[in-house]
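Report on one structure; see the data block that follows.
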Amino acid sequence: MSVSTLSVLSPNALDDYIDLRSVPSHRYFGKNDIIERLRRAVPFDFIFISGLDVDHYRFGNGFSIDTDLPPAYVEAYHADRLYTDDPFVAAAKAAKSVVVEHEVYAEHSPPQRLLYLQRTFGVLNRTLFPVARESIVYGAVGVTRAMPFNDEELTFLSLVAETIHTVVTKPLMEKFAAEHLRLTKGEMSCLSQASLGLTSDGIAKATGYQVDTVNSYVKSAIKKLGASNRTQAIAEAIRRRLIA
């Protein structure tokens, strides 16, 4: 598995990709202003942002990772399939709160090959912060540093993890999430107008659709978003950043 140099935070970075499946799953972003600002608040060596709030791309599936971890480390880790024996990964998949590597290693010994790679590339003391919607952990933000993070740093990183995850994954969500959820242009348009407080009649006037068409689009969007009514569908679309 190779690590792409694609950075979704770069302007027009996703223009050449037709859908979410075509985007490289592991992406190396190098220097980034947002990440550097976070690094100034809490110094760390490397960071990785995993998962999208979309079915089959959630944290743990390994299909969406943005990172500045050394590409050679990531490639060796996957080539050796260390994720199958890495106790930190097992703990992270089951976690609802912060996961600290040295605490995991104290209970479950890691493979020697993994320890060798970590020492070689300086990927030490992985610390992971799950990002959840209600009871569903859909993403995570992880950082590494030779010196363990103190309680104050852990609290701060816990507070900003969701924001960092949102900022980094927003380009992918904006470009592909609606398509992945199979929301049509009409459904998106009606939801957007509904979020402004318009009734079906008002949405019809704003979009040019017939009222029956508006109701059909809204009903379909409700089902696709897993909501039970219009209000929940609007809230879900906003939370998924599909509409402003």
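The values are calculated or read from the model by the stated rules, or taken from the named source; none is laboratory data. Just so it is clear, the structure is predicted and the values come from calculations on it, not from any experiment. Positions of Cβ are generated from backbone atoms using ideal geometry, with glycine treated the same way; all protein chains shown enter the neighbour counts. Areas reflect the complete protein model, heavy atoms only, side chains present, ligands, DNA and RNA absent. Shrake-Rupley method; radii C 1.70, N 1.55, O 1.52, S 1.80 Å.
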Given a 10 angstrom Cα cut-off, can you work out which residue in 158, 135, 109 is the most mobile in a GNM of the chain? 135
In the stretch 128-203, which GluC sites (Glu not before Pro) are in a loop and have at most 16 other Cβ atoms within 10 Å, using DSSP for the loop call? 134
Hits among lysines - C-alpha to C-alpha of residue 170 under 30 Å, sequence gap 8 or more where chains match: 31, 93, 96, 185, 219, 223, 224
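Please tell me the relative contact order of the stretch 23-176 in percent, rounded to the nearest whole number, where contacts are Cα pairs under 8 Å and at least six residues apart. Present the calculation step by step, with values, prior to reporting the outcome.
Values: 219 pairs, mean separation 39.5, N = 154.
That works out to 26 percent.
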For Kirkwood radius over Cα pairs in Å, calculated from these coordinates, the label among (1) 18.6; (2) 19.5; (3) 17.7: (2)
To test your reading of the geometry: what angle, between 0 and 90 degrees and rounded to tens, separates the Cα axis of helix 185-194 from the longest principal axis of the chain? 80
Given a Förster radius of 25 Å and the C-beta distance between residue 166 and residue 212 as r, what FRET efficiency does 1/(1 + (r/R0)^6) yield to the nearest 0.05? 0.10
Probe radius 1.4 Å, ligands and nucleic acids ignored: give me the carbon and sulfur share of the accessible area of the chain as a rounded percent. 52
With angles folded into 0 to 90 degrees, how steeply does helix 112-121 sit against the dominant principal axis of the chain? Use alpha carbons for both and round to 10. 80
Quick check: pseudo-label points 7 Å beyond the Cα along Cα→Cβ at residue 174 and residue 81, how many nm apart are they? 4.0
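I'd like the FRET efficiency for residue 39 and residue 235, computed as 1/(1 + (r/R0)^6) with the beta carbon distance as r and R0 of 45 Å, rounded to 0.05.
0.85
Quick one: divide the alpha-carbon radius of gyration of the stretch 1-54 by 2.2 N^0.38 Å and tell me what you get. Could you put the intermediate results ahead of the total?
On the way: Rg = 12.8 Å, N = 54, 2.2 N^0.38 = 10.0 Å.
That works out to 1.27 for the stretch 1-54.
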Sorting 85, 53 by accessible area (1.4 Å probe), largest first, what list results? 85, 53
Alpha carbon centroid spacing (whole Å) that separates the stretch 154-172 from the stretch 75-123: 22
On Cα atoms only, tilt of 230-239 relative to the major axis of the chain in degrees: 40
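Tell me the net charge near residue 243. Cut-off is 12 Å between Cβ atoms, residue 243 excluded, with +1 for each Lys or Arg and -1 for each Asp or Glu. Intermediate values should be presented prior to the final figure.
Details: positive: 239, 240, 241; negative: 174, 187, 236.
Taking every other residue near residue 243 into account, the sum is 0.
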